[in-house]
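Worksheet: one structure, shown below.
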Amino acid sequence: MPKDAAHDREDECLKLVCAALSNPSRSLAIEDRPDRAGQVRDLTVDALIRVIEDGYDAAWAADVCLASRSFDPKLPAAMNQLREILLPPLSDLAARAGHHVSLSCRAYVRLPGVSRNEWRRMLNGYVRNVYDRAVMALVRPDKEWYDHEVGIYWHPDSSDFDVEPVRLQFYDPFRMEGFRFSRAVPLKLTKQLKRAHDAGYPTLLILDQKPPSYVTWLSNTCPDPHELGEAMAFLVGRHRASLSACVLVDHDDSVHEIYRHVRKTINVLAH
C-alpha cells in the first residue's frame, strides 16, 4: 500500500476507534501523533489517545497494524487471469442450462521455480476441475457443490443477479494456508508498544483487518473478533508482552474490543 494511502487508512482507523468506543460515560480523543512529529522522540507510536471515564483521565499509546499477512502483489493479476479463463466456458454452460451460477474459488500465484509452461498446464488442469464440478453441481438435485477448493450453486432464475449469468468470487487468500498475523504485529508488541509501556503509558494495539481495495474476497472467511482475541492473547503470552488492550477494526469498519478493554486498569499488564 502506498505511504499516503497507508497514512490515510491509519488516520481512519484511529478515528473509527475513538468514535466507536466513546459514549456518554467514556470519551476517547486523539491527542498527539508522535510518529509524525518530525523530530527524534523516544515515543514512536502512531498516536496518543486521551481516555476519560468516571474520573479516570490518561493518555494511551496506540499503534495501528494490519492484522494479516500482506497480499502477494501478483494476486490481483492471478484473479483476473482466472476470471478471463473461467468466465467464457461457464457463461456458455449457464446459457445452455438456462440457469445462473454463483461460483467461489481460489486464485493461485505461480510459485518460484515453476516454469511458465508448467504453470500453464497446472492452471488449465485447475480450471478443468472447476468446470467439471460446475457440471456435476448442475446435475445434482440440490444443484450445489462445496469442497475446500470451490463453492458452486446454480439458480433457476436471475433474481439474485444483475445481468451476467455467472457470479465469480474468490476466497480469502489468507485462508489457503490458515490465518497468520502479519510479521509487524509481534514487532509492535515488543518494540513500539513496549517502549511506551516502559515510559508509563497504557498501551493499545489497533488491528486493521480491511483488505486492500483492489482485492475482492468473501468477508465471511475472515477470522471473527473472538478468534482474533484468542489469537492475540496467545501472542501476548508467547512474547511475554505488555499490552493493556487490543481493538479490531474489522473488514466492514466495525470496531471490537477483542483483548481487554480501553479503561482504567489495575495491574493487568502481562509480563
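FYI, it's all coordinate maths here, none of it is from the lab. Since we're looking at a predicted model, the values are computed, not measured. Here the Cβ positions follow ideal geometry from the backbone for every residue, glycine too, while neighbour counts run over all protein chains shown.
Some notes on this structure:
- Set of lysines near Lys264 by C-alpha distance (under 16 Å), chain-local residues within fewer than 8 positions excluded: none
- Only one residue of Pro165, Trp145, Leu86 has its Cα farthest out toward the positive end of the dipole of segment 75-176, where Lys and Arg carry +1 and Asp and Glu -1 on Cβ, and that residue is Leu86.
- As a proxy for reagent exposure, His226, His261 were ordered by neighbouring Cβ count within 10 angstrom, fewest first; the result is His226, His261.
- Summary of packing: across the peptides 202-209, 129-136, 52-59, 111-118, the per-residue average of other C-beta atoms within 10 Å ranks them, highest first, as 202-209, 129-136, 52-59, 111-118.
- The distance between label points at Ala5 and Arg33 comes to 1.9 nm (points 7 Å beyond Cα on the Cα→Cβ vector).
- Sorting Lys194, Lys74 by the number of Cβ atoms found within 10 Å of their own Cβ, with the fewest placed first, yields Lys74, Lys194.
- Modelled FRET efficiency - R0 35 Å, Val114 with His155, Cβ distances, 0.05 increments: 0.45
- Cα gyration tensor shape of segment 1-138, rounded if a/c is under 1.5, else prolate or oblate by comparing a/b with b/c: prolate
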